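Take a look at the structure below.
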Amino acid sequence: MPGLNVRSVLVTGSNRGIGLELVKQLLGKSNPPQWVFATCRDPEGARGQELQNLVSKHPNLVMVKLDAVNPASIEEAARRVEEQLDSLGLNLVINNAGIFSDVSLAMVDSEEMLDAYKTNVVGPLLVGQAFLPLLKKAAQGSSQKGLSCSKAAIVNISSVLGSIERVPEILTKPAISYRCSKAAVNMLTRCQALTYAEDGILCAAVHPGWVQTDMGTQEVGADLPVDKSVQGILAVLPALSEKHSGSFWSWEGKTIPW
Ligand code: NDP
């Protein structure tokens with residue numbers, strides 16, 4: 001299986017959890033990207049500390065401010081990345097930033113629903129729109145045939161909790177706002193895939209497993225170390241091709257039903 005061979009990659013919500021580990025493992029590859037754009041809400045503040053430490057060791061790592069619920073911040077991030085790429089395209093966007101709340105059907109309110117939707121769905125939508133010109137440029141500049149994550153791709157980090165077919169198996173975690181938002185980002189992924197295919201851009205949704213992060217606590221049954229989840233994700237991405245665009249994958253490389 002060919003490895004992920006990207007010139008440039010952008011990860012949202014990369015100051016902790018799965019996003020931070022994605023950045024670390026991308027930088028640690030034997031063929032690291034020429035540019036890794038690690039975005040977070042507060043690059044200069046305490047929340048960006050781990051990334052700041054990495055920047056001092058990796059000249060190919062660029063921290064970029066991006067708040068997934070702030071359209072102006074997303075547009076500004078796209079301008080910043082474009083400047084850095086200096087007329088070349090961006091190969092891979094990983095929409096990882098997300099919020100979770102394990103709220104029940106009885107307790108969930110409109111604010112909770114809208115917060116989850118804004119971060120987990122509107123964020124990836126706007127990021128996809130803002131970085132589309134750079135993704136198109138990467139696809140146009142590539143000699144590779146078909147679609148691939150190495151050429152030009154949007155990967156939305158979703159969750160099996162958003163799978164409508166799998167609800168009966170895992171209704172023990174109510175997480176109503178989260179489930180609905182992840183079902184919606186799955187729909188977004190499918191629409192992005194069908195729309196952006198003609199621009200040479202692959203789009204896929206990926207479930208990272210039940211991962212031990214601030215979000216994935218033992219309380220919610222998270223048992224997968226973050227390094228294993230990310231190793232899995234980075235092995236799945238290069239295996240995706242045109243026929244897989246618009247589908248939903250687990251970190252172990254299995255398809256998940258919508
Ligand atoms: P964490 O809670 O550990 O990290 C979440 C990340 O998202 C943080 O970097 C956080 O930044 C960022 N973020 C939240 N809101 C915004 C925003 N408005 N703009 C920019 N960044 C934001 O979560 P995980 O690493 O566990 O989760 C990453 C992704 O994986 C999420 O999409 C999640 O839904 C998904 N996932 C996780 C699972 C798990 O078991 N952990 C299971 C299934 C899916 P800040 O520090 O500023 O808050």
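Considering (1) under 15 Å from the mean Cα position of the chain (by Cα); (2) polar (S, T, N, Q); (3) surrounded by fewer than 19 Cβ atoms within 10 Å (Cβ to Cβ), say which one Asn186 fails and leave the rest.
Evaluating Asn186 over (1) under 15 Å from the mean Cα position of the chain (by Cα); (2) polar (S, T, N, Q); (3) surrounded by fewer than 19 Cβ atoms within 10 Å (Cβ to Cβ) leaves (3) as the failure.
Looking only at the stretch 5-20, filter to residues that are surrounded by fewer than 24 Cβ atoms within 10 Å (Cβ to Cβ) and more than 9 Å from the ligand (Cβ to nearest atom); which one of those is modelled with the lowest pLDDT?
My answer is Asn5.
Report, by residue number, each residue of the stretch 187-223 that is near the ligand (Cβ under 8 Å from one of its atoms) and either under 15 Å from Ile256 (Cβ atoms) or of a type in the set (Ser, Thr, Tyr) (or both). Steps first, please.
Step one: of the stretch 187-223, the residues near the ligand (Cβ under 8 Å from one of its atoms) are 207-216, 220, 222.
Of everything in the stretch 187-223, those that are near the ligand (Cβ under 8 Å from one of its atoms) and either under 15 Å from Ile256 (Cβ atoms) or of a type in the set (Ser, Thr, Tyr) (or both) turn out to be His207, Pro208, Gly209, Trp210, Thr213.
Could you tell me whether any residue of the stretch 21-34 is part of a helix (DSSP H, G or I), at pLDDT 95 or above, of a type in the set (D, E, K, R) and at negative phi? Explain how you work it out, then say what you get.
Filtering the stretch 21-34 for residues part of a helix (DSSP H, G or I) gives 21-27.
If we keep only those that are at pLDDT 95 or above too, we end up with 21-27.
Next cut, of a type in the set (D, E, K, R) only: 21, 24.
Now narrow it down to the ones that are at negative phi: 21, 24.
Yes, that holds for at least one residue.
Among what's in the stretch 199-241 and is part of a strand (DSSP E or B) and over 16 Å from the mean Cα position of the chain (by Cα), pick the residue that is nearest to Arg179 (Cα to Cα). Lay out the reasoning, then the answer.
Applying the first criterion (part of a strand (DSSP E or B)) to the stretch 199-241 yields 202-207, 211, 224, 241.
Next cut, over 16 Å from the mean Cα position of the chain (by Cα) only: 224, 241.
Working: Leu224: 20, Ser241: 27 Å.
The qualifying residue nearest to Arg179 (Cα to Cα) is Leu224.
Given the criteria touching a Gly at 6+ places or on another chain (Cβ under 8 Å), small (Gly, Ala, Ser), under 24 Å from Leu125 (Cβ atoms) and touching a residue at least 12 places away in the same chain (Cβ under 8 Å), does Ala175 qualify? Steps first, answer last, please.
Details: touching a Gly at 6+ places or on another chain (Cβ under 8 Å): no; small (Gly, Ala, Ser): yes; under 24 Å from Leu125 (Cβ atoms): yes; touching a residue at least 12 places away in the same chain (Cβ under 8 Å): yes.
Against the criterion (touching a Gly at 6+ places or on another chain (Cβ under 8 Å), small (Gly, Ala, Ser), under 24 Å from Leu125 (Cβ atoms) and touching a residue at least 12 places away in the same chain (Cβ under 8 Å)), Ala175 does not qualify.
Looking at Ala72, Ala46, Ala77, can you tell me which residue is within 15 Å of the ligand (Cβ to nearest atom), touching a residue at least 24 places away in the same chain (Cβ under 8 Å) and of a type outside the set (Val, Ile, Thr)? Let's see the steps before the verdict.
Numbers: Ala72 fails: touching a residue at least 24 places away in the same chain (Cβ under 8 Å); Ala46 fails: touching a residue at least 24 places away in the same chain (Cβ under 8 Å).
None of the others qualify; the one that does is Ala77.
The values are calculated or read from the model by the stated rules, or taken from the named source; none is laboratory data. Worth saying up front: this structure is predicted, and the values here are computed from it rather than measured. All Cβ positions, glycine included, derive from the backbone under ideal geometry; neighbour counts span all protein chains shown.
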